[in-house]
Amino acid sequence: NTVVLKVDPANPEPDVIRRAADVIRAGGLVAFPTETVYGLGANALSTDAVSGIFTAKGRPATNPLIVHISGMVRNHPQVPQTHTVPDVSEVLNVASAWPATAARLAARFWPGPLTLVVPKRDNVPDIVTAGGQTVAVRCPNHPVARALIRAAGTPLAAPSANRSTELSPTRAEHVLKSLNGRIDLLLDGGPCSGGLESTVVDVTAEFPRVLRPGLITVPMLEEVCGRVEFGTASGGIARAPGQMVKHYSPRTPLVLADDADAEHQRLREGGFRVISLGHDLIYAYKSISGDPEEYAADLYAVLHELDSGQYDRIVIEMPPDTPEWAAVRDRLTRAAAHE
Ligand code: TXA
Ligand code: MG
């Protein structure tokens, strides 16, 4: 069975972190909280350790993983002493180049929910990058994640800590529901504040390209680097290699609607047990505001909860088609996609 250890999310206990780091160094799998979702970590520089991630998740080998680095606590004249700044030497442990765009974006958004795709170094095993010549790197903004990486002394390959195609976990209990017995250790650091996976940006070409929308929005990226590419020539979202349309799905079929009430009515008349969420996602005691960040923070938790209820259909009203809702709309669309 999976060992579960509680950890203080703000000040992780050194003995707890040490135990988790020992598991990583021994080639094992540790689920840990980040500011986006829970990750399933293994030593990114070990093919054997990383292959365990694919087995535990049932993940296709064609879907590459994000490599997580710790960042450094540094003195910086303009910021408080404890501020974490990206450390280029740590990046260059896994990347063979660090383009100017990457440096600018990292300086602004790291540590945080931004993943940068850059040319990979030879020591990163093929299994991490799905055989490709690029590697996705992220410096998470969560004390537990960073302490674990630092204590393990190695970057961590970490996808979301759920079985492939299932909903991502934003609470320790979501991880257990999906992976209990399949992983060595779970660090329970409470709920994740961000709630959606990081924005993935490819910075290997002249203009940065958003491969997966997230809480760092296109306007935020444009503010730092001017022109940003988004979507393919055909107009759709550019897919990261191996990224499937159906992803992040609850077991209960999810229906997206422009008018949740009307759709609810229609399905009820068809004999379905239905729960519907209007645009402000009012669910029982929980009332999420129309603010995209608050919505994102609770979306997966609400879906996990509804999924264990006795419903045949979940109806969700589609949020507006504006940049700040792009990540939520992307995840809802995938969650509603059929096989
Ligand atoms: O917020 C997050 O990013 C979370 C936490 C744990 O950090 N991780 C996460 O990992 O969402 P995962 O494996 O569920 O999603 C990784 C995404 C996939 O869409 C994958 O295709 C893309 O990153 N990706 C990874 N390496 C890539 C590469 N070399 N080139 C392009 N896309 C890549
Ligand atoms: Mg995932």
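What the phi angles of the stretch 123-132 give under the Karplus curve with 6.51, -1.76 and 1.60, with θ = phi - 60°, is a coupling list of 6, 7, x, 4, 4, 6, 9, 6, x, x Hz, glycine and proline written as x. GNM on the chain, alpha-carbon springs under 10 angstrom: the most fluctuating residue among ILE183, ILE53, ILE275 is ILE275. Working from label points 7 Å from Cα in the Cα-to-Cβ sense, the GLU206 to ARG227 distance is 0.6 nm.
Taking amide H positions as modeled 1.01 Å from N, with prolines and chain starts lacking one, the residues under 5 Å from VAL135 and 5 or more places away or on another chain are VAL118, LYS120. For ARG108 and ASP321, the difference between the fully extended length at 0.36 nm per residue and the C-alpha to C-alpha distance is 74.1 nm.
Diffusion coefficient (Stokes-Einstein, Kirkwood radius over C-alpha pairs, 20 °C, 1.002 mPa s) for the chain: 105 µm²/s, rounded to a whole number. Among ALA26, ALA296, ALA56, the largest mean-square fluctuation in a Gaussian network model of the chain, built with springs joining Cα atoms closer than 10 Å, belongs to ALA26.
For the stretch 254-336, relative contact order (Cα pairs under 8 Å, six or more residues apart, normalised by length) works out to 43 percent.
Using the rule -39500 (n - 2.57) for each DSSP H run of four or more residues, divided by the residues of the chain, the 222 nm mean residue ellipticity is -9000 deg cm²/dmol. A compact globular protein would have a Cα radius of gyration near 2.2 N^0.38 Å; the ratio found for the stretch 145-202 is 1.20. Residue by residue, the stretch 16-27 carries 3J(HN,Hα) couplings of 5, 4, 4, 4, 5, 5, 4, 4, 4, 5, 7, x Hz when phi is fed to the Karplus relation 6.51 cos²θ - 1.76 cosθ + 1.60 (θ = phi - 60°); x denotes Gly or Pro. Each of ASP15, ASP87 has some number of other Cβ atoms within 10 Å of its Cβ, and from fewest to most they run ASP15, ASP87.
With each label modelled as a point 7 angstrom along the Cα→C-beta vector, the ARG25-GLU13 pair spans 2.0 nm. Distance between the modelled labels on ARG121 and THR333, one decimal in nanometres: 3.7 nm (7 Å Cα→Cβ projection). Enumerate the amide H contacts of VAL3 below 5 Å, restricted to partners 5 or more residues apart or on another chain; note that Pro and chain-start residues carry no placed amide H. Amide H to amide H, under 5 Å and 5 or more residues apart or across chains, VAL3 pairs with LEU185, LEU186.
Annotation: amide H of THR34 within the under-5 Å range of GLY39, sequence separation 5 or more or interchain, hydrogens built in the peptide plane. Mean projected area of the convex hull spanned by the Cα atoms of the stretch 9-162, taken over all viewing directions: 8.6 nm².
If the cut-off is 18 Å between C-alpha atoms, which aspartates and glutamates fall inside it for LYS6, apart from same-chain ones fewer than 8 positions away? Once the sequence-local aspartates and glutamates are set aside, what remains near LYS6 is ASP15, ASP22, GLU35, GLU173, ASP184, ASP188.
Mind checking the log10 I(q)/I(0) for the stretch 287-339 at q = 0.21, 0.23, 0.28 Å⁻¹? Debye, one equal scatterer per Cα, no solvent, two decimals. Evaluating at q = 0.21, 0.23, 0.28 Å⁻¹ gives log10 I(q)/I(0) of -0.84, -0.99, -1.31.
Computing Rg and the Kirkwood Rh from the Cα coordinates of the stretch 5-55 gives a ratio, Rg/Rh, of 0.99. Could you give the angle, 0 to 90 degrees to the nearest 10, between helix 143-152's Cα long axis and the longest principal axis of the Cα atoms of the chain? Helix 143-152 sits at roughly 40 degrees to that axis. Semi-axis lengths, largest first, of the ellipsoid equivalent to the stretch 79-227 are 25, 18, 17 Å, with √(5λ) applied to each eigenvalue of the Cα gyration tensor.
Quick note: the coordinates plus some simple rules give every number you see, no bench work behind them. Bear in mind the structure is a predicted one, so any value in this text is a computation, not a measurement. Because the Cβ atoms are built from the backbone with ideal geometry, glycine has one as well, and the counts that use them run over all protein chains shown.
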